[in-house]
Amino acid sequence: MKKILTVILSVYLGLVLLMPKEQIIYTILNQANRQLINFEIEDMKDFGVYENIDGLSIIYDKMRVAKIENIKILPLIFYDKINITSISPAGTFKSMFSEKVYKASATYVVYLPFKIMINADTSIGKIDGNFNLKNHKIKLVLHPNKNFRRFKYKNYFKKQKGGYVYESIIR
């Protein structure tokens, strides 16, 4: 029994460590490129278990939209997590969106096969939510702070008992 567990653990660690993480990331970026979304990456490093991206710029239809300071991608097959540090609007979008995301994470676990859990700490409050992979529905619950009063887009959120809720279907 001990030998079987050792073999299973060794195969699992081998898969995680030898997974072509950088190629998977570039494949995802190329898929986004088909939707006129481009990315500029300053630095990408593979640390065996996780991939680290520093300085990612998001460009939509040749306009710089946002700048992300750091992304850490942890693909463990049964548990995948993306941690993002500091998302801020860029270019002409700075005047439209003054809000910032300090930290954000998206988590996928095998026992919830159709949901991606989302958490974020923003300049307008804390956000918890999920994205349903089956019906493409996103649900975010915002627990606002004092800056939410000045938030230009608060009419997209519905006030409910647990906070302010945003729901939409993304196609």
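Among the residues of the range 149-161, is any at pLDDT 90 or above, of a type in the set (A, V, I, L, M, F, W, C) and outside any loop (DSSP other than H, G, I, E, B)? No: zero hits.
Answer yes or no as to whether LEU36 is without any contact (Cβ under 8 Å) to a residue 40 or more places away in the chain, more than 16 Å from the chain's Cα centre (by Cα) and at negative phi. Answer is no for this residue.
Residues in the range 88-111 that are in contact (Cβ under 8 Å) with a residue 24 or more places away in the chain, in a strand (DSSP E or B) and of a type in the set (Phe, Trp, Tyr): TYR108 only. Would you mind stating whether LYS45 is without any contact (Cβ under 8 Å) to a residue 24 or more places away in the chain, assigned by TED's automatic domain parsing to the domain that holds ARG149 and out of contact with any Gly (no Cβ under 6 Å at 6 or more places or on another chain)? The answer is no for LYS45. Among the residues of the range 53-87, the ones that are outside any strand (DSSP E or B) and farther than 18 Å from PHE39 by Cβ come to 3 in all. Note on the range 40-79: among residues that are of a type in the set (Lys, Arg) and loosely packed, with under 12 Cβ neighbours inside 10 Å, the one that is farthest from MET117 (Cα to Cα) is LYS62. All of (1) surrounded by 14 or more Cβ atoms within 10 Å (Cβ to Cβ); (2) more than 30 Å from ASP46 (Cβ to Cβ); (3) under 16 Å from the mean Cα position of the chain (by Cα) hold for ILE82 with one exception: (2). Here TYR111 clears all of (1) modelled with pLDDT under 95; (2) under 23 Å from ILE58 (Cβ atoms); (3) hydroxyl-bearing (Ser, Thr, Tyr) except the condition numbered (2). Only residues that are under 23 Å from SER86 (Cα atoms) and either of a type in the set (D, E, K, R) or assigned to a helix (DSSP H, G or I) (or both) were counted in the range 118-148, giving 7.
The values are calculated or read from the model by the stated rules, or taken from the named source; none is laboratory data. In this text the structure is predicted, and so the values were computed from the model without any measurement. Quick reminder, even Gly has a Cβ in these numbers, built from the backbone with ideal geometry, and neighbours come from all protein chains shown.
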